[in-house]
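Let me begin by presenting the structure, written as structure tokens, before commenting on it.
The values are calculated or read from the model by the stated rules, or taken from the named source; none is laboratory data. These numbers were taken from a predicted model, which means no experiment stands behind them. With ideal geometry, Cβ positions are generated from the backbone for all residues, glycine too; neighbour counts draw on all protein chains shown.
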Amino acid sequence: MRAGDEGQAALEGHEQGAHLATLPPDDPRLQPFAKHPGRAEKVVVACFLAALACFMAFGAAYWVNAREEVLGGTIGAGLFFFGFGFTAWGKYLMARGPFMEERHVLHSDDAARDAFDAALVERGAAAIGRRSLLTRLLAAAGGVAGVVAAFPLIRSLGPLPKGSLFHTQWRKGSLVVTIDGRPVTVDDLEIGGVLTVFPAGAEGSAISQTLLVRLADTPIVTGPGKETWGPQGYVAYSKVCTHAGCPVGLFEHQVEKLLCPCHQSLFDIAPRPTGTTYYAAEPVFGPAPRPLPQLALRVDAKGRLRAQHDYDQPIGPGFWERTTT
Amino acid sequence: MVSRATGWLDDRVGLSKGGRTMLDKIFPDHWSFMLGEIALYSFVVLLVTGVFLTLYFDPSTKEVIYHGAYLPLRGQKVSAAYASTVDLSFSVRFGLVMRQAHHWAADVFVGAIAVHMARIFFTGAFRKPRELNWAIGVTLLTLAIVNGFIGYSLPDDLISGTGLRIAFSILLSIPLVGTYLAFFLFGGNFPGNGVIIPRLFIVHVLILPAIIAALIGAHLFLLVRQKHTQFPGPGRTERNVVGSPLWPNFFFKTNGFLLMTFGVLVGMGALFQINPIWQFGQYAPYKVSYAVQPDWYMGWLDGALRIFPSWEFTALGHTVPLEVTIPAIILPGLTFALFYAWPFLEARFTGDYAVHHLLDRPRDRPLRTGVGAGVFAFYGVLFAASSTDVLANYFSVSLNVVLWSFRILIFVVPVIVGLVAHQICIDLAHRQAGGKRKRAYIVERSPEGEYSTHVSAPRPGDGVEELEPELVPTHVAADPAGGGAGGHAAASDRRRRGGSEEPQRPTED
């Protein structure tokens, strides 16, 4: 390699000196702008002066408790000018080459590699290999230590899931209440009205949150066995999306569909085109795989809404232990 | 004075020999080498602003009554995490700038890593001997994305809580162990028993930053050990590096760049609002807002979750929610596995196991460039898909149309982009003098009325790149212009000349 050899020669010839060559301003090895060092220096001076002014302005602005935009703007601009001047100094007021350095070969020669391998393997084998009992015990103790260390590191973090994904706080006869704990009566919603409700005592619960919609003033039937679940036009569906668990927060009134704003799953609760029944929040669009579970409602003697029982299936997104239903 | 200090150090740690080599280290001048510096300096900004934030942030979901400076929130019950974030934004002087600069720096950090990685990829800088550094870089990208997500999950506002709810569901979707993982991490069924934010906080401010800092150290160590790659050019070979020396040229340029990065990010923090949590409100599990979108680097995952079909798989009494598992677990897993494996896949495919220090021009490797462009397009489409609702609104079309468009585009666009990129590379490679700076053709009319065409003269700067590099330049002592031993840096000479533009010979002291 021609350049390399010359480089070596240059290195040997000039070991002592280490300063960069001074180039005349018309040298092509300078940045074009550096051909006018006076001008370049003025730019750097201007940058540093601007930075100084900005930093002083920041100090003053902080002192008088100025707005955040002023504080951040002054120090941000100051840092920028400071850096710009710094960089311009390095770029335009220093001889820029192009310079070069030699690469050294990364890998070692074969003898060195062999020596390393020999030291690692043979010396190790000689010292360790003979003591097979010790080696096995070492591995056993280390392995068991690794396993038991996982107990506090992982198992202590939280409780086992047990059945908690299969149940909510809705119980037989739970009062349907608003976030403020106020019981919901049959007169509370107009047709087309919608309300987020909870079982009494679990207001704000992430898993028990339920969307109450009034679709009519006659009972809503969504399928066989659910003839009594929708009294006086009220239906209640779990508000936890069966896709990724976001609250199904939007009711599209005119088409009678529920929309999850996270990933746009759409659940149909409108009347079926034939017959007298309604859709049971089946997903008609988007990534959700299952209908929103329906909460069976009833109206008590005082006209308050109550749950007949907990949801008949796990609410929310799918998980491994969920049985096929 | 200086030599006394360096001598003192050299007596004790042997600084001078290695230090001299370090000062002479050459950094290539090409602009694309700056992209990694943006990432590095964004990380510095993240550390500085982040430490400031920890002094005020209270990582607790304990309920408090807000009494701070933000009037609309006064008297409301909020979590301590949320209240302290609002407080450090409004009651701590310079706090809002620090918080917003921190958030912007995180977005820029991930972006700079991605662009830096694209430069490495398209120029083949990952080839032997740099596969390890590529792997470290991919790990850094992963950790940056994860820590970014954790970071904006901390303030307990509506966006962060919704993100955590989705994260919980994603953990649930992992077959066999998912339920346990989710319960252990959150300390129970969502939203857990109030442990998730303190836990994520310690991961965000201690564990991941420490790992990232260590990996950056390893990244830079390997960079120094293996030296930089460089583009081919006059005098540039596989056995040298051409550019500017660390001291003083690169030192000045890069420290200036650190300050500029800092300035821009602080300026953004001051002038551009980001993550105004007081507008989103305190997180409550039953609340959600319209157009929920994560930070940009999570967009591809969100988009994948939106457009993947509802393929829940049930068998033998078990459920695998593939509509979550595939886009949120398998897709990122495959993505990063592909990134890690690429240097080895390419070497195997091309049979090229040689050491490379000279970079490829992307056009000279049509296949790699085509594949890379296609992969980029794939994630670009996923990113765009995270705005299905916004796009449907903006273009006044139904969500259905937008969703199905994306389900088709995700297959079509990457193929087309890949093929087009491949073809462009082939066409460019066959062009004469491809890639040189274009020179204008000048058409002239002579007094006789004849027209003639000629190429304009080269512009200043066109010739600079063509120069032969000086040989081991930082060792050059005998300056032909007359510097001599014990001379001065060019800058000081010029300054003494008082800005004169006349070429002058520096004088001896």
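Looking for something more than 10 Å from every other protein chain (Cβ to nearest Cβ) and aromatic (F, W, Y) - is there at least one such residue anywhere in the range A:68-83?
The answer is no, given that none of the residues of the range A:68-83 is more than 10 Å from every other protein chain (Cβ to nearest Cβ) and aromatic (F, W, Y).
Kindly list the number of the only condition in (1) outside any helix (DSSP H, G or I); (2) under 27 Å from the mean Cα position of the chain (by Cα); (3) under 30 Å from B:T314 (Cβ atoms) that fails for B:T162.
Here B:T162 clears every test but (1).
Based on this model, can you work out whether B:V402 counts as touching a Leu at 6+ places or on another chain (Cβ under 6 Å), surrounded by 18 or more Cβ atoms within 10 Å (Cβ to Cβ), of a type in the set (A, V, I, L, M, F, W, C) and at pLDDT below 95? Break it down into steps so the answer makes sense when it comes.
Details: touching a Leu at 6+ places or on another chain (Cβ under 6 Å): yes; surrounded by 18 or more Cβ atoms within 10 Å (Cβ to Cβ): yes; of a type in the set (A, V, I, L, M, F, W, C): yes; at pLDDT below 95: yes.
Here the answer is yes, as B:V402 does meet what is asked.
Restricting attention to the range B:1-56, report how many residues are touching an Asp or Glu at 6+ places or on another chain (Cβ under 8 Å), of a type outside the set (K, R) and in contact (Cβ under 8 Å) with a residue 60 or more places away in the chain.
Matching residues across the range B:1-56 total 2.
If only one of B:V390, B:V402, B:V413 is out of contact with any helix residue (DSSP H, G or I) (no Cβ under 8 Å at 6 or more places or on another chain) and touching a residue at least 12 places away in the same chain (Cβ under 8 Å), which one is it? Walk me through how you get there before you give the answer.
Values: B:V402 fails: out of contact with any helix residue (DSSP H, G or I) (no Cβ under 8 Å at 6 or more places or on another chain); B:V413 fails: out of contact with any helix residue (DSSP H, G or I) (no Cβ under 8 Å at 6 or more places or on another chain).
Going through B:V390, B:V402, B:V413 in turn, the sole match is B:V390.
Those residues that are assigned to a loop (DSSP other than H, G, I, E, B), more than 7 Å from chain A (Cβ to nearest Cβ) and out of contact with any Asp or Glu (no Cβ under 9 Å at 6 or more places or on another chain), I need them from the range B:233-256; list them, please.
Going through the range B:233-256, the residues assigned to a loop (DSSP other than H, G, I, E, B) turn out to be B:234-235, B:237-239.
Add one more test, that the residue is more than 7 Å from chain A (Cβ to nearest Cβ), and what stays is B:234, B:238.
Selection gives B:E238 alone.
Out of all the residues in the range A:87-107, which are facing chain B (nearest Cβ under 7 Å) and not charged (D, E, K, R)?
Answer for the range A:87-107, where residues must be facing chain B (nearest Cβ under 7 Å) and not charged (D, E, K, R): A:T87, A:W89, A:G90, A:L93, A:M94, A:A95, A:G97, A:P98, A:F99, A:M100, A:L106.
Which one is surrounded by the fewest Cβ atoms within 10 Å (Cβ to Cβ) among residues in the range A:212-245 that are without any contact (Cβ under 8 Å) to a residue 60 or more places away in the chain and within 14 Å of chain B (Cβ to nearest Cβ)? Lay out the reasoning, then the answer.
Taking the range A:212-245 and keeping what is without any contact (Cβ under 8 Å) to a residue 60 or more places away in the chain, we get A:213-214, A:216-221, A:223-225, A:227, A:233, A:237, A:239.
Retained after the next criterion (residues that are within 14 Å of chain B (Cβ to nearest Cβ)): A:237, A:239.
Values: A:Y237: 23, A:K239: 27.
Among those that are without any contact (Cβ under 8 Å) to a residue 60 or more places away in the chain and within 14 Å of chain B (Cβ to nearest Cβ), it is A:Y237.
Using the structure shown, decide if A:G97 is in a loop (DSSP other than H, G, I, E, B), small (G, A, S) and assigned by TED's automatic domain parsing to the domain that holds A:F198. Steps first, answer last, please.
Details: in a loop (DSSP other than H, G, I, E, B): yes; small (G, A, S): yes; assigned by TED's automatic domain parsing to the domain that holds A:F198: no.
Spelling it out, it is not the case that A:G97 is in a loop (DSSP other than H, G, I, E, B), small (G, A, S) and assigned by TED's automatic domain parsing to the domain that holds A:F198.
From the residues in the range A:300-325 that are touching a Pro at 6+ places or on another chain (Cβ under 7 Å) and under 17 Å from A:T178 (Cα atoms), which one is nearest to the other protein chains (Cβ to nearest Cβ)?
A:A307
It is to be established whether one or more residues within the range B:112-127 are aromatic (F, W, Y), in contact (Cβ under 8 Å) with a residue 60 or more places away in the chain, farther than 19 Å from B:A213 by Cβ and outside any helix (DSSP H, G or I).
yes
For residues that are among the hydrophobic types (A, V, I, L, M, F, W, C) and outside any loop (DSSP other than H, G, I, E, B), scanning just the range A:185-198, find the one that is nearest to A:A216 (Cα to Cα). Steps first, answer last, please.
Our first condition is that a residue be among the hydrophobic types (A, V, I, L, M, F, W, C); within the range A:185-198, this holds for A:186, A:189, A:191, A:194-195, A:197-198.
Among the residues that remain, those that are also outside any loop (DSSP other than H, G, I, E, B) are: A:194-195, A:197-198.
Values: A:V194: 12, A:L195: 15, A:V197: 19, A:F198: 21 Å.
Selected residue: A:V194.
Please work out if B:G188 is under 19 Å from B:F149 (Cα atoms) and over 19 Å from the mean Cα position of the chain (by Cα). Give the steps one after another, and end with the answer.
On the way: under 19 Å from B:F149 (Cα atoms): no; over 19 Å from the mean Cα position of the chain (by Cα): yes.
Against the criterion (under 19 Å from B:F149 (Cα atoms) and over 19 Å from the mean Cα position of the chain (by Cα)), B:G188 does not qualify.
Need the failing condition index for A:F285 against (1) free of Cβ contacts under 8 Å to residues at least 12 places away in the same chain; (2) within 21 Å of B:V390 (Cα to Cα), just the number.
A:F285 satisfies every listed condition except (1).
Quickly run through the range A:270-282 and pick out the residues that are crowded, with 22+ Cβ neighbours inside 10 Å and within 32 Å of the chain's Cα centre (by Cα).
Listed by number, the list holds a single entry, A:A281.
Show me the helices (runs of 4 or more DSSP H) found entirely inside the range B:1-110 where at least 1 residues are modelled with pLDDT of 95 or more.
Numbers: elements: B:2-13, B:15-23, B:35-54, B:80-90.
Where helices (runs of 4 or more DSSP H) fall fully within the range B:1-110 and carry at least 1 residues being modelled with pLDDT of 95 or more, they are B:35-54, B:80-90.
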